[in-house]
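These notes are about the structure you will find just below.
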Amino acid sequence: MDRRHLLKLAGIGALSGLGGRCAARSRPVTLSQPARRFARVDVAWDRVIRTVVGLRPFRPSGFVVRGEKLGPKTVIHNYGHGGAGITLSWGTAHLAVEEGAKTPASSAAVLGCGAVGLATARLLQRRGMEVTIYARDLPPRTTSNIAGGQWSPFSVADHDRETPQFQDQLARAARLAHRYYQDMVGPYYGVRWIENYVASSTPQRAAEYGGALADLYAASKALSPAEHPFDVPHVRRFTTMLIEPPVYLNAVLRDFLLQGGRSSCATSPTATRCSSCASQSFITARASGRGRSSATRS
Ligand SMILES: Cc1cc2nc3c(=O)[nH]c(=O)nc-3n(C[C@H](O)[C@H](O)[C@H](O)COP(=O)(O)OP(=O)(O)OC[C@H]3O[C@@H](n4cnc5c(N)ncnc54)[C@H](O)[C@@H]3O)c2cc1C
């Protein structure tokens, strides 16, 4: 059944629903869901235009958000997001800014200008703070720029090293981030909803698709062979957001600057430099931890 035919049927269904007030009770129209057909992906070595390699700094026990006193100033650490720094950025930024709100500071410095630093800087601005970003590199020269950008809180910690406290922190950050990104769907931020298919020859564990966060993967379903065209027995479909890093990071940096934010190039900000800087509190929003490398080919 083609799309036009489906829409026609849906129209009949809608009309019969309206007319149902006068006529005898209308029969519900059931629309069947045919297997989706996909264009074959055109993959070939001679189509690769560039290979980039990036680290996904990772801590087995999970990312860290915590405050620390440094003389009269407060440093808030926010690092180690592994393979989900884009996904979690607004969530962990929210947690970091909550920590910062415990101080009376009215200005702040953010160290790092990737996904995490930018989200943090924007949330501080929304609280009316004066914000300066200090970073060695600005977009497009950050790791965040080469990420895949799928919204998915995966590869964040080693499951056997996660504490219940960390799991709660992860769940809170993921839910907050999911909510923030919903407001950014559209071409300006380069965020869109996208259907994903995971195909494998071995059974997939339900926990791999969100576990306690499963409700954040809309329409998640293990498909029967009749519902997919792939040549493997186990296929799951779910919907999540895709964030186009170059579009997204540019847009958030633009928002930050339009809102009066300042950025400054600085390499290796040290504790000493932090304490001599004019800002009253610091958020170290830059990747840190053991790297797990992964590559992207364009
Ligand atoms: C190939 C690949 C695919 C990925 N896919 C996804 C995905 O699909 N979804 C997802 O959520 N995540 C994904 N990730 C992970 C994600 O990219 C990272 O977790 C995220 O980009 C980390 O953001 P960040 O802001 O902490 O770090 P970065 O983007 O690395 O930014 C760090 C900032 O700190 C600055 N900085 C660093 N050191 C210093 C210093 N000493 N002095 C001054 N400034 C400094 C840098 O210049 C930069 O501005 C992927 C990663 C890779 C490599």
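Is it the case that segment 120-135 has a residue that's among the acidic types (D, E) and either within 12 Å of the chain's Cα centre (by Cα) or in a strand (DSSP E or B) (or both)?
Of all residues in segment 120-135, those among the acidic types (D, E) come to 130.
Next, only the ones that are either within 12 Å of the chain's Cα centre (by Cα) or in a strand (DSSP E or B) (or both) stay: 130.
Yes; the residues of segment 120-135 include at least one that is among the acidic types (D, E) and either within 12 Å of the chain's Cα centre (by Cα) or in a strand (DSSP E or B) (or both).
Quick one: N145 ticks every box in (1) in contact with a helix residue (DSSP H, G or I) (Cβ under 6 Å, 6 or more places away or on another chain); (2) surrounded by 24 or more Cβ atoms within 10 Å (Cβ to Cβ) bar one, so which box is it?
Of (1) in contact with a helix residue (DSSP H, G or I) (Cβ under 6 Å, 6 or more places away or on another chain); (2) surrounded by 24 or more Cβ atoms within 10 Å (Cβ to Cβ), only one is false for N145: (2).
Return the only residue of A135, A177, A173 being within 21 Å of H94 (Cα to Cα), in contact with a Cys (Cβ under 6 Å, 6 or more places away or on another chain) and touching a residue at least 60 places away in the same chain (Cβ under 8 Å). Before the answer, list the steps.
Numbers: A177 fails: in contact with a Cys (Cβ under 6 Å, 6 or more places away or on another chain); A173 fails: in contact with a Cys (Cβ under 6 Å, 6 or more places away or on another chain).
When all the criteria are applied, what remains is A135.
Please list, ordered by first then second residue, the pairs with beta carbon atoms under 9 Å, 6 or more apart or interchain, first in segment 142-160 and more than 7 Å from the ligand (Cβ to nearest atom), second part of a loop (DSSP other than H, G, I, E, B) and acidic (D, E).
The qualifying pairs are V156/E162.
Is it true that L170 is surrounded by 13 or more Cβ atoms within 10 Å (Cβ to Cβ), in the same structural domain as F58 (by TED's automatic domain parsing) and touching an Asp or Glu at 6+ places or on another chain (Cβ under 8 Å)? Step through it out loud before you land on a result.
Values: surrounded by 13 or more Cβ atoms within 10 Å (Cβ to Cβ): yes; in the same structural domain as F58 (by TED's automatic domain parsing): yes; touching an Asp or Glu at 6+ places or on another chain (Cβ under 8 Å): yes.
In short, yes.
Output the residue which, of all residues in segment 114-132 that are among the small types (G, A, S) and more than 7 Å from the ligand (Cβ to nearest atom), is farthest from S89 (Cα to Cα).
First pass over segment 114-132, keeping only residues among the small types (G, A, S): 114-115, 117, 119, 121, 128.
So of that shortlist, the ones also more than 7 Å from the ligand (Cβ to nearest atom) come out as 119, 121, 128.
Details: A119: 6, A121: 11, G128: 20 Å.
The residue in question is G128.
Any residue that is touching a strand residue (DSSP E or B) at 6+ places or on another chain (Cβ under 9 Å), part of a loop (DSSP other than H, G, I, E, B) and within 15 Å of the ligand (Cβ to nearest atom) - is there at least one of those in segment 164-179? I'd like the intermediate steps shown before the answer.
Within segment 164-179, the first condition is being touching a strand residue (DSSP E or B) at 6+ places or on another chain (Cβ under 9 Å), and the residues that meet it are 169, 173, 178.
Right, trim to part of a loop (DSSP other than H, G, I, E, B) and you get none.
No, segment 164-179 contains no residue that is touching a strand residue (DSSP E or B) at 6+ places or on another chain (Cβ under 9 Å), part of a loop (DSSP other than H, G, I, E, B) and within 15 Å of the ligand (Cβ to nearest atom).
With respect to the numbered conditions (1) within 11 Å of the ligand (Cβ to nearest atom); (2) without any contact (Cβ under 8 Å) to a residue 24 or more places away in the chain, which one is the sole condition not fulfilled by L111?
(2)
Do we find that R192 is in contact with a strand residue (DSSP E or B) (Cβ under 7 Å, 6 or more places away or on another chain), of a type in the set (K, R) and within 16 Å of the ligand (Cβ to nearest atom) in this structure? Give the derivation first.
On the way: in contact with a strand residue (DSSP E or B) (Cβ under 7 Å, 6 or more places away or on another chain): yes; of a type in the set (K, R): yes; within 16 Å of the ligand (Cβ to nearest atom): yes.
Against the criterion (in contact with a strand residue (DSSP E or B) (Cβ under 7 Å, 6 or more places away or on another chain), of a type in the set (K, R) and within 16 Å of the ligand (Cβ to nearest atom)), R192 qualifies.
Tell me which of these A222 doesn't satisfy, since it passes every other one: (1) within 16 Å of the ligand (Cβ to nearest atom); (2) more than 24 Å from A96 (Cβ to Cβ).
Result: A222 fails condition (1) only.
What number of residues within segment 114-127 are without any contact (Cβ under 8 Å) to a residue 12 or more places away in the chain and either surrounded by 14 or more Cβ atoms within 10 Å (Cβ to Cβ) or hydrophobic (A, V, I, L, M, F, W, C) (or both)?
Initial filter on segment 114-127 (without any contact (Cβ under 8 Å) to a residue 12 or more places away in the chain): 126.
From what's left, either surrounded by 14 or more Cβ atoms within 10 Å (Cβ to Cβ) or hydrophobic (A, V, I, L, M, F, W, C) (or both): none.
Looking only at that region, the number is 0.
Which residue, of Y188, Y197, is aromatic (F, W, Y) and at pLDDT 95 or above? Even if it seems obvious, please write down each step before you answer.
Details: Y197 fails: at pLDDT 95 or above.
Only one candidate qualifies: Y188.
The values are calculated or read from the model by the stated rules, or taken from the named source; none is laboratory data. As the structure is a computational prediction, the values presented were derived from the model and not from experiment. Note that we place each Cβ from the backbone using ideal geometry, even for glycine, and neighbour counts take in every protein chain shown.
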